[in-house]
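S.K.: Here it is, the structure in full.
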Amino acid sequence: MISKKRAMALSAIAMGCLGALGAQAALADQTYVLQATGKWSDAQTRAVQAAGGTVTFSHGETGLGVATSANANFMKAAKASRAFAAVTPDRTVEWQLPTQRVDLEEDAVNPNPPEDTFFRYIQWAPQSVHAPEAWDAGCTGAGVRVAVLDGGIYNSHVDLVGRVDTAASASFVPGQAYNSDTGTFWHGTHVAGIVAAGANGIGTVGIAPEATIIGVKVLHSGSGDFSWVIQGILYAATPRAAGGGGADIINMSLGAGFPRNDAGAGQLVAAMNKAVNYADRHGVLVVSAAGNDGVDLDHSGNLIYTPAQSGSGVAVSATGPYLFAYGATNFTRKASYTNYGVSAVNVAAPGGDFAYLGNELCTLPRYPTGSSTVPCWAFDMVISTVRGGAASTTSYSWSAGTSMAAPAAAAVAAIIKQANPGISLGELKNRLAQSADDEGKVGRDAVYGAGFVNAHKACTAK
């Protein structure tokens, strides 16, 4: 029998993978995702208008578009025009479940500590991938642009000030700014801190602390439409000079599972694939969380997970220690919840875990002059930046999931790109895999893919 705490943890991991499959609630205007038979042109726009719709977004190269219409026969009319290969009602999906987390007390920050520049004794994730050694070798991700497609990013956080390109950041959630969300956690803020929290002598440090974050809001309170995510990918992968975000790397700590034989879902997944492949063609690496359902993606039957299994991106599984508070250093241990599969997983990275069932408290030092006391199992999770209370700019929280593993891998990719200016996307993928530590079975395997990412090896490998 599963304990109450264990059941809560399993139902509240950081990324929701089996999304709500219901169509949007009835609205005056229904939103549709359209896939042209070729590139999007004036012919598609005219066909939408003739069917009683309004184009709200279109992308010439991929042939993807979004339209709204109050016409109950819009889909039939648009398909009859033969301008589209698919016309599909958009879906609102729970891409993230509520996060299993433990907050650090807000008075815990110790500016300018005597020895350490970050929570060295509780922030195990950067050390597990040998990030401090990479920093010492001059690899900090400087000059590399990482788009975080997620919920809101609280760019006023002390560890994110100066790390976010506010001019390039954007929101595809109607009526919401890129730096808005609900509650005190803000999943996107936690993810952004894992990538690039600044080395400022306060709080946490990102694995690529001098990379630039582009906040691209495609979710609100964990939910979002397919069309928002698709638009976010296309925007992030488009150069600044062409009106896009100008990302080198896109991180998507989000995902949902769908039956392959669900025609509507299948068409939306196909549209997502086109967006990911657009990024790939333009040299932008797409990194996605593998998912948190403990599913063998090699034998998932009728289920397909997107964006982990979308297009030519990189999917990341999660690892985490068991009883770090008691001295464990088994950082490459397979996380209890992670999806896996040789066909899907490219690399593994630290995502944390909450598998320990005990509820006793443990105390660990943050610095030589500070400590934190929380449930012992919380120390097995990943600590990073969060929104906190209304006046806070120094809030932190532990969380776990492949949502936390993906940005760690994205940050290592940023280190590779900084160390190798002009590197091709194919070679970037190769170096991310080749510099990873081979764990599990020798060679590629279902849990680790090519291995557990190593920032120092990624920095120094030639």
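S.K.: Can you give the FRET efficiency to the nearest 0.05 for ASP42 and ASN420, using r as the Cβ-Cβ distance and R₀ = 60 Å?
M.R.: The pair ASP42/ASN420 has a calculated efficiency of 0.90.
S.K.: Could I ask something else about it? Roughly how many whole Å is it from the C-alpha centroid of region 159-179 to that of region 45-61?
M.R.: Region 159-179 and region 45-61 have Cα centres spaced 28 Å from each other.
S.K.: Mind listing P(r) for region 285-399? All alpha-carbon pairs, 5 Å bins, whole percents.
M.R.: 2, 11, 17, 18, 16, 14, 11, 7, 3, 1, 0
S.K.: Magnitude of the Cβ-charge dipole of region 30-90, K/R +1 and D/E -1, about the Cα centre, nearest 20 debye?
M.R.: Once rounded to the nearest 20, the dipole reads 220 debye.
S.K.: Same structure, new question: Compute the relative contact order of the chain as a whole-number percentage, counting only Cα pairs closer than 8 Å that sit 6 or more residues apart in sequence.
M.R.: The normalised contact order for the chain reaches 19 percent.
S.K.: Here is a follow-up. For region 300-340, what are Rg and Dmax over the alpha carbons, in angstrom?
M.R.: Both quantities, over Cα of region 300-340: 14.1, 41 Å.
S.K.: Report, to two decimal places, the Cα Rg of region 271-317 normalised by 2.2 N^0.38 Å (N = number of residues).
M.R.: So region 271-317 has a normalised radius of gyration of 1.18.
S.K.: I've got another one for you. Out of residues 5 or more away from VAL93 or on other chains, whose amide H comes under 5 Å of its own, with H placed 1.01 Å from N in the peptide plane?
M.R.: Correct list: GLY224, ASP225, PHE226.
S.K.: What is the dipole size for the chain, taken about its Cα centre, with +1 at each Lys and Arg Cβ and -1 at each Asp and Glu Cβ, in debye to the nearest 20?
M.R.: Result for the chain is approximately 1080 debye, rounded to the nearest 20.
S.K.: Rounded to two decimals, what is Rg over Rh for region 30-90 when you use alpha-carbon atoms and the Kirkwood radius?
M.R.: Rg/Rh: 0.90.
S.K.: From the residues VAL284, GLY245, THR204, which one has its Cα farthest along the dipole of region 173-315 in the positive direction, the dipole being from +1 and -1 charges on Cβ of Lys/Arg and Asp/Glu about the Cα centre?
M.R.: With unit charges placed on the Cβ atoms, the residue in question is GLY245.
S.K.: While we're here: Can you work out ³J(HN,Hα) from phi for every residue in region 80-89, in order, using Karplus 6.51 cos²θ - 1.76 cosθ + 1.60 and θ = phi - 60°, giving whole Hz and x for Gly and Pro?
M.R.: For region 80-89, the Karplus curve yields 5, 5, 6, 8, 10, 7, 7, 10, 10, x Hz.
S.K.: Right, here's the next one. How large is the charge dipole for region 308-454, taken about the Cα centre, if only the Cβ atoms of Lys, Arg (+1) and Asp, Glu (-1) carry charge, to the nearest 20 debye?
M.R.: 280
S.K.: Here is a further query. Note the count of lysine pairs whose C-alpha atoms are less than 20 angstrom apart in the chain, limited to pairs 8 or more residues apart or on different chains.
M.R.: 11
S.K.: Report the full-extension gain for the segment ALA85 to ALA328: residue separation times 0.36 nm, less the Cα-Cα distance, to one decimal in nm.
M.R.: 82.1 nm
S.K.: Find how many whole Å separate the alpha carbon centroid of region 320-346 from the alpha carbon centroid of region 117-139.
M.R.: 18
S.K.: Contour minus end-to-end for ASP136 and GLU61, with contour as 0.36 nm per residue of separation and end-to-end as the Cα-Cα distance?
M.R.: Residue separation times 0.36 nm, minus the Cα-Cα distance, leaves 22.8 nm.
S.K.: How big is region 128-262 along each principal axis, measuring the range of its Cα positions in Å and listing the largest first?
M.R.: 49, 35, 32
S.K.: Let me ask you something else. With every atom except the alpha carbons ignored, what do you get for Rg and Dmax of the chain, in angstroms?
M.R.: Taking only Cα atoms of the chain, I get Rg and Dmax of 21.3, 71 Å.
S.K.: What number, rounded to the nearest 500 deg cm²/dmol, is the helix-based mean residue ellipticity at 222 nm of the chain, given -39500 (n - 2.57) per DSSP H run of at least four residues and division by all its residues?
M.R.: Taken over the chain, the calculation gives -7000 deg cm²/dmol.
S.K.: For HIS299 and LYS76, FRET efficiency with R0 = 30 Å and r from the beta-carbon atoms, rounded to 0.05?
M.R.: Working from the Cβ atoms, E equals 0.20.
Here, each number is a calculation from the coordinates, and none is a lab measurement. Just so you know, these numbers come straight off a predicted model, no measurement behind them. Cβ atoms come from the backbone with ideal geometry, glycine included; neighbour counts cover every protein chain shown.
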